[in-house]
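Student: The structure's right below; bear with me while I get my questions together.
Read-outs throughout are calculated quantities, based only on the coordinates presented, and are distinct from any laboratory measurement. Because the structure is a prediction, the values reported are computed rather than measured. Glycine also receives a Cβ, built like all others from the backbone with ideal geometry; neighbour counts cover every protein chain displayed.
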């Protein structure tokens, strides 16, 4: 791998740009270590999942720019971004990543508000009189 590989991950309103390069395994998100940025263990596991699946933990340095959404959305967007960047490094990782379900973008998002309603599906309180 001659230069860094780039990829984009999205989830709900969260967008992450991932830059992958050869290194010692440092994962940095918005200038902070990923364990400081995502203090919850299950979110840290989300970020590590593609690297663990392809057994490349400690081989690549990952730099992530995350914007929008919430903490969980950013963690899942980072997971997708790292998976896509690993595919650019080597297409041989595809079967393992696909089997783990790491190449799929989660299409669920907030449903839009409808006219004549309080929210997307909630109605105003009904009174007969």
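Student: Anything in region 63-76 that is in a loop (DSSP other than H, G, I, E, B) and touching a strand residue (DSSP E or B) at 6+ places or on another chain (Cβ under 6 Å)? List them, or say none. Even if it seems obvious, please write down each step before you answer.
Tutor: Let us first name the residues in region 63-76 that are in a loop (DSSP other than H, G, I, E, B), namely 68-70.
The answer is 68, 69.
Student: Right, next: Residue 36 versus (1) in a loop (DSSP other than H, G, I, E, B); (2) exposed (fewer than 13 other Cβ atoms within 10 Å of the Cβ): which is the lone unmet condition?
Tutor: Result: residue 36 fails condition (1) only.
Student: Identify, from the list 73, 9, 68, the residue that is under 17 Å from residue 107 (Cβ atoms) and buried (at least 23 other Cβ atoms within 10 Å of the Cβ). Steps first, please.
Tutor: On the way: 73 fails: buried (at least 23 other Cβ atoms within 10 Å of the Cβ); 68 fails: buried (at least 23 other Cβ atoms within 10 Å of the Cβ).
On inspection, the qualifying residue turns out to be 9.
Student: Within the set of pairs 6+ apart or on separate chains, which have a first residue in region 109-129 that is without any contact (Cβ under 8 Å) to a residue 40 or more places away in the chain, a second that is surrounded by fewer than 10 Cβ atoms within 10 Å (Cβ to Cβ) and assigned to a loop (DSSP other than H, G, I, E, B), and C-beta atoms under 7 Å apart?
Tutor: From region 109-129, the pairs are 118/124; 120/111; 120/112.
Student: Any residue that is farther than 26 Å from residue 13 by Cβ, assigned to a strand (DSSP E or B) and touching a helix residue (DSSP H, G or I) at 6+ places or on another chain (Cβ under 8 Å) - is there at least one of those in region 53-62?
Tutor: Within region 53-62, one or more residues are farther than 26 Å from residue 13 by Cβ, assigned to a strand (DSSP E or B) and touching a helix residue (DSSP H, G or I) at 6+ places or on another chain (Cβ under 8 Å).
Student: Sticking with this one: Could you list all residues from region 77-104 that are in a loop (DSSP other than H, G, I, E, B) and either buried (at least 24 other Cβ atoms within 10 Å of the Cβ) or under 13 Å from the mean Cα position of the chain (by Cα) (or both)?
Tutor: Correct list: 101, 102, 103, 104.
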